[in-house]
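Q: Please read through the structure below; I'll follow up with questions.
Every read-out reported here was derived from the displayed coordinates using simple, explicitly stated rules and does not represent laboratory data. The shown structure was predicted, so the numbers you read here are calculated from the model rather than taken from an experiment. A quick note on method: Cβ atoms are made from the backbone with ideal geometry, for glycine too, and the neighbour counts reach across all protein chains shown.
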Amino acid sequence: LSVRLKQAEQEHLKTANRLRAVELTVALGTGGVIQRLRTVDERLAASEQSNAQDHLQLAVMEHRLRECETRTRSLLAPVVRQVAQGALELLQAAWAWRLRGATG
């Protein structure tokens, strides 16, 4: 009986040691997974921040382009009017010259 008890005790110790080894492996594996998840989370946060900064920069650039467009239109409007007026005057002069040539 005493031999059987010792054998059972040794089996129990072996099983307990195996369980501790499995627990350690699981704990190490879980820790590695948790660390990888933290790394991925940090990378995602950095990417989101970068995307937000890019979006803000694009909005600023779009605003500046609209301002440039407005300024360009306001600067070009008088020039376009002058060119159109000059073209109209040339056309009127050409018609007048042609009409004088036809009648004269």
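Q: Any idea what angle helix 2-103 forms with the longest principal axis of the chain, computed on alpha-carbon atoms, 0 to 90 degrees, nearest 10?
A: Its long axis makes an angle of about 0 degrees.
Q: If you average the alpha carbon positions of region 69-104 and of region 1-58, how far apart do those two centres end up, in angstrom?
A: 82 Å
Q: Along the Cα→Cβ direction, 7 angstrom out, place labels at A45 and N17. What is the inter-label distance in nm?
A: Placing both labels 7 Å along Cα→Cβ, they lie 4.3 nm apart.
Q: Moving to a separate point now. Can you report the principal axis dimensions of the chain using only the alpha carbons, biggest first, rounded to whole angstrom?
A: 146, 25, 9
Q: What 222 nm value per residue comes from the helices of the chain, counting each DSSP H run with n ≥ 4 as -39,500 (n - 2.57) and dividing by all residues, nearest 500 deg cm²/dmol?
A: -38000 deg cm²/dmol
Q: Calculate the spin-label point distance for E67 paired with V26, positioning each point 7 Å from the Cα along the beta-carbon direction, and give it in nanometres.
A: It is 6.2 nm.
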